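Comments concern the structure below.
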Amino acid sequence: MIRPLLADDAFLADVRAADPAPGLLHLWWLGQSGFLLASGGAHLLLDPYLSDSLTRKYAETDKPHVRMTGRVVDPARLGFAGAVTASHAHTDHLDPDTLRALMGARPGMALVVPAAHVDLAAARAGVRPLGIDDGETLDAGGFSITAVPAAHETVERDAEGRMLHLGYVVRRGGHAVYHAGDTLPYPGMAERVRAAAGPGGIDVALLPINGRKPERRVSGNLDGEQAAALAHAVGARLAIPMHYDMFEFNTEPPSAFEAACTRLGQPCAVLRAGERLTPR
């Protein structure tokens, strides 16, 4: 089992110690596709998976979700966050155990999900979420969130034309963070992300790197080289990999991502679970 750099009390102490000055951005990797953002005293959770629900669900199946990295923190201790997102309906992004613990810790916490999944999210979280669709922007927890399409495996819409999978461009205090959700490349993707970021551009791109391998029987994602190329195409000042080191059957090392970033001259940082980064 991989141990987080910081977990539980040590992790929370580091969150409390982060400088709340306006204009600063802090982020912590929570494992898989989960991150905590902090800026100016406001906190936002992006796609947290902080339970063992999938390990339990698939324990007696032919696709066991054997956990690789220990949990960073009990979600019931994150009631200081003003909002939480889910980019799509897969449980490692929209986890009922994580969400119900968060809502129990702070009943007024805003939950932002694709509009196509509002009813599902309400059933899983026990609260009515805020729905968002492609190109829309809403404010939650002190952050501005704009939705862009994600292709997991393709850009899909429901019967009402609403996106099933999204990425989010999150802005606060002069910073913009792109959380890609689960996605493969699609035509015009970089242009959509840059447009959502506005004239200041993307400060940090959070990108999956576990790739697309049919033998895993899971929907595809960017591989390391594709993630590096996307970060470069959107003009990200820093790229951070995600969606690896959680389940043994569905992971890739970040080495290919790092090598591709080096070739492209794309700045990157590889975090350990529970680690803080403060972009400058």
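Each value in this text was obtained by applying a stated rule to the coordinates, not by laboratory testing. The structure presented is a predicted model; accordingly, all values stated were derived computationally and were not measured. Positions of Cβ are backbone-derived with ideal geometry, glycine not excepted, and every protein chain shown enters the neighbour counts.
So here's what we get for this one:
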{"read-out": "Three-way shape label, region 1-57, alpha-carbon gyration tensor, a/c 1.5", "value": "prolate"}
{"read-out": "Distance (nanometres) between label positions extended 7 Å along Cα→Cβ at A21 and R280", "value": "1.2 nm"}
{"read-out": "Alpha carbon centroid spacing (whole Å) that separates region 1-49 from region 239-269", "value": "20 Å"}
{"read-out": "Potential lengthening between S53 and A195 on full extension [0.36 nm per residue; Cα-Cα distance subtracted]", "value": "47.5 nm"}
{"read-out": "Computed over the chain, Kirkwood Rh from alpha-carbon pairs, angstrom", "value": "18.4 Å"}
{"read-out": "Residues in region 60-83 reached by a label modelled at D14 [backbone nitrogen below 15 Å; 7 Å Cα→Cβ]", "value": "70-74"}
{"read-out": "Highest-fluctuation residue, L12, L36, L46 considered, GNM on the chain with Cα pairs under 10 Å", "value": "L12"}
{"read-out": "Ranking of S255, S51, S87 by count of other Cβ atoms within 10 Å, fewest first", "value": "S255, S51, S87"}
{"read-out": "Nitroxide proxy distance, nm - points 7 Å out along Cα→Cβ at R106 and E136", "value": "2.2 nm"}
{"read-out": "Footprinting exposure proxy for M163, M103 (fewest neighbouring C-beta atoms within 10 Å first)", "value": "M103, M163"}
{"read-out": "Separation in nanometres of the label points that stand 7 Å from Cα toward Cβ, at M1 and A123", "value": "3.2 nm"}
{"read-out": "Extension gain from A89 to V66, taking 0.36 nm per residue of separation minus the Cα-Cα distance", "value": "6.2 nm"}
{"read-out": "Peptides ranked, highest mean first, by Cβ atoms within 10 Å: ranges 178-189, 243-254, 16-27, 226-237", "value": "226-237, 178-189, 243-254, 16-27"}
{"read-out": "Percentage relative contact order, region 67-177, counting C-alpha pairs under 8 Å, at least six apart", "value": "22 percent"}
{"read-out": "Under-5 Å amide H pairs with G167, H placed in peptide plane, nonlocal only", "value": "V148, A150"}
{"read-out": "For the chain, built as a Gaussian network whose Cα springs stay under 10 Å, the top-fluctuating residue of A59, A125, A196", "value": "A59"}
